[in-house]
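Input: a single structure, listed below in structure tokens.
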Amino acid sequence: EANFDSSYTIPADTLKAGTTITYDFLGIHTAQTGSEDHTLLVKLGSTTIASKAAIDPGTNDVFSGRCTVTIRTTGGSGTMVGYCSLAFGASGTGAFVTYNLASTAVDTTGTLAAAIAIDRQASATDGDSARLDIMNVTIE
């Protein structure tokens, strides 16, 4: 599993109860070789907010999403809730699927990276590639 090179680092002690973090992103699978399953992940720190598994990308398939996370409580044992809508497929064909994030622990006292990651299956060939073209993070 590896984060794409675009991410946003939230400084320690920035998040307060009621803070909302919104991710908007778009990427493309620039090349694929063979049938392989990948997993797309939306991350806050080391926590996976949502993931779309069993993606068998074709060249020029796109992936996109919008995720919203709300901080419920803060501190070393803070909590968050949220949802994500993720889509994958050839341009104009990907249907959005919505994922719920039930109350989950988050340590708001340290820095947190808001990131999109891809987990390539172990047998993926080196000829596969993907890039993240748009990554917007809004904190309100």
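The values are calculated or read from the model by the stated rules, or taken from the named source; none is laboratory data. Here the structure is a predicted model, which means the values were calculated and not measured. In this analysis, Cβ positions are derived from the backbone assuming ideal geometry, glycine residues included, and neighbour counts consider all displayed protein chains. For the accessible areas, the whole protein counts, side chains as well, though only heavy atoms, and no ligand, DNA or RNA atoms are used. Shrake-Rupley method; radii C 1.70, N 1.55, O 1.52, S 1.80 Å.
Summary of computed values
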quantity	calculated
Percent RCO, i.e. relative contact order, over the range 29-78, from Cα pairs under 8 Å lying at least 6 residues apart	37
Inter-site label distance for residue 83 and residue 56 at 7 Å from Cα along Cβ, in nm	3.1
Solvent-accessible heavy-atom area per residue, rounded to whole Å², over the chain at 1.4 Å	48
Long-range amide H partners of residue 111 with built H, under 5 Å	12
Segment residue 4-residue 22, extension gain: residue separation times 0.36 nm, minus the distance between their alpha carbons	4.7 nm
Computed lengthening from residue 134 to residue 33, 0.36 nm per intervening residue step minus Cα-Cα distance	33.9 nm
Two-site label geometry, residue 13 and residue 113: point separation in nm, points 7 Å out along Cα→Cβ	2.4
Solvent-accessible area, 1.4 Å probe, carbon plus sulfur percent, for the chain	48
